[in-house]
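Shown next, in structure tokens, is the structure this report addresses.
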Amino acid sequence: MSEEEGVLRGIDYKDPLVKYRGERISYTLKKLLGRDVQLNETFLVDTYYVHYLPLPITKGKSEIEKNKEIAYSLVNSTLSSDVVLKNREYSIVNSAVSLALTVSYVQNLIEELERIKKTSQSMEEREAAEEILNGLMKGSSSKEGKEQKNTNQQSMEKVLRQAHEKAMSKAIEDANSVRNMQKIVGGNGAGTGSVLTFEGEIHEVLRLARNTEIKKILEFLSGIPKLGSITKRRTTRFSKGELYGYEEGSDIERIVYSELALPDMLFYLKLAEGQLLLYQKQIKETLGPIYLLLDKSGSMDGEKILWAKAVALALYSRAKRENRDFYLRFFDNIPYPLIKVQKNAKSKDIIKMVEYIGKIRGGGGTDISRSIISACEDIKEGHVKGVSEIILLTDGEDKIAETTVRRSLKEANSQLISVMIRGDNADLRRVSDEYLITYKLDHEDLLKVVES
């Protein structure tokens, strides 16, 4: 078996796409580890295709050369893992999840082996870890004669199993976060067109997936099955639209063809009396952008801000499905920079938004009036286009300048939807076109806001 051959059947290791996979994984590992690790790329390719292929099969043990035995053992352990088999329904033919699993697994495998090599109190375990690491490197070959280390086989198996299980556990956790992110902000629902794979930015996605706050938000949102189906469609009756029913009338352009077979006298009578059977037709109206103002003041810190961030990502998910632009502005006593995510945004722009949301912490005073006026200025000055509704999330601990806010909303030709988080504000209630109060901050409260 040549250096370019791996341990799986049916893989052409010389194919440019297969080589690209190996190079991509090596590049991503370098980004995450902060250094270049000269791993054998066929091992990386095999690890990837174990997750990606519907039915990966290893070669027979007699076909495997000595220098491939460690990789062969790890690939077999992955294939026989119950947690990997369970996760395959998400990883098969999903390049982002398969790449996340591969990169996270290999990174954690290398780090665990290096840890054992440096800190284990057992010399045999340290030597086993070193031998396993060497066996995964480029140009690795079996050592013969006096040069070959007489590593205890039991220690080798123990270290290999320990490193594999720990690495796989962390990889599954990372991959689940990537899958949740792909599902929630990638737009992979029926009728949404192409799915954002995040493949080109997987190292950034993995860093986000390991962010404690982002992980909590994604886990919270992933527990809402209905979230992926929430859409809002306004329709208008139109003679050349889609068929949705029948009615009586005299619009010849929408006539049901069977009416043309009527005797002339009866046809003209029904026409004169508006009793011809017609198709009812409608078209879907284009929805404008979603503009969200999110309070990050000190009173919002903790559970409130975490829930509000989940609402922000859920609203973006809906905007993505409905092919709408999404605008987000945090505020406390001052409004923060406007975040714009266009409906055709690239994955790197979405990642930046999610990263920004994760970094925001509660703190500062509260000036709701100033934030609403800033949003209205965005609309009036053309910084955002097509916005007809402003959604405000706050716990409402502030006095509202009612006259100024009303005037700004009128000049911007926009309505205000206010969502109170465990609070009430009589001033805000009066200036809002729609006013919601949430107390439990659970899935039900989130759906109530996203569906409004």
Practice item. Mind telling me which of the residues Arg329, Arg321, Arg361 ends up being at pLDDT 95 or above and open to solvent by 10 Å² or more (accessible area, probe 1.4 Å)? Key: Arg329
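Per-residue answers, yes or no, for (1) under 22 Å from Lys440 (Cα atoms); (2) free of Cβ contacts under 8 Å to residues at least 40 places away in the same chain; (3) assigned to a strand (DSSP E or B):
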| site | (1), (2), (3) |
| --- | --- |
| Glu259 | no, yes, no |
| Lys304 | yes, no, no |
| Leu315 | yes, no, no |
| Leu328 | no, yes, yes |
Revision key, fill the gap. Scanning the stretch 383-406 for residues that are at pLDDT 95 or above and part of a strand (DSSP E or B), the one nearest to Ser452 (Cα to Cα) turns out to be Ile391
Review point. For the stretch 332-350, what are the residues that are in a helix (DSSP H, G or I) and crowded, with 20+ Cβ neighbours inside 10 Å?
Key: Ser347, Ile350
Check your understanding: For the stretch 64-88, what are the residues that are at pLDDT below 90, acidic (Asp, Glu) and in a helix (DSSP H, G or I)?
Key -> Asp82
Practice item. Could you check, for the stretch 278-293, whether at least one of its residues is open to solvent by 30 Å² or more (accessible area, probe 1.4 Å), within 22 Å of the chain's Cα centre (by Cα) and modelled with pLDDT of 90 or more? Key: no
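Considering only the stretch 27-44, state which residues are in a helix (DSSP H, G or I) and either hydrophobic (A, V, I, L, M, F, W, C) or open to solvent by 30 Å² or more (accessible area, probe 1.4 Å) (or both).
The answer is Tyr27, Leu29, Lys30, Lys31, Leu32, Leu33, Glu41, Phe43, Leu44.
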Practice item. From Asp445, Asp424, grab the single residue that is assigned by the TED database to the domain that holds Arg318, open to solvent by 30 Å² or more (accessible area, probe 1.4 Å), touching a residue at least 24 places away in the same chain (Cβ under 8 Å) and more than 13 Å from Ile372 (Cα to Cα). Key: Asp424
Exercise for review: For Tyr49, state whether it is under 22 Å from Ala163 (Cα atoms), modelled with pLDDT of 90 or more and in contact with a strand residue (DSSP E or B) (Cβ under 8 Å, 6 or more places away or on another chain).
Suggested key: yes
Point to revise | Condition check for Leu409: at pLDDT 95 or above and in a strand (DSSP E or B) | key: no
Exercise for review: Starting from the stretch 343-371, take each residue that is over 15 Å from Gly298 (Cβ atoms) and in the same structural domain as Val311 (by the TED database) and list its partners that are of a type in the set (Gly, Ala, Ser) and crowded, with 19+ Cβ neighbours inside 10 Å, counting only C-beta distances under 8 angstrom and pairs at least six apart or across chains.
Suggested key: Lys343/Ala319; Ser347/Gly186; Ile350/Gly186; Ile357/Ala312
Practice item. Would you check which residues across the stretch 85-99 are within 15 Å of Glu173 (Cα to Cα), among the small types (Gly, Ala, Ser) and more than 13 Å from the chain's Cα centre (by Cα) and list them? Key: Ser91, Ser98
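The values are calculated or read from the model by the stated rules, or taken from the named source; none is laboratory data. Remember, predicted model here, so these are calculated numbers, not experimental data. No Cβ is skipped: glycine too gets one built from the backbone with ideal geometry, and neighbour counts run over all protein chains shown. Protein only, heavy atoms only, side chains kept; ligands, DNA and RNA dropped before computing areas. Shrake-Rupley method; radii C 1.70, N 1.55, O 1.52, S 1.80 Å.
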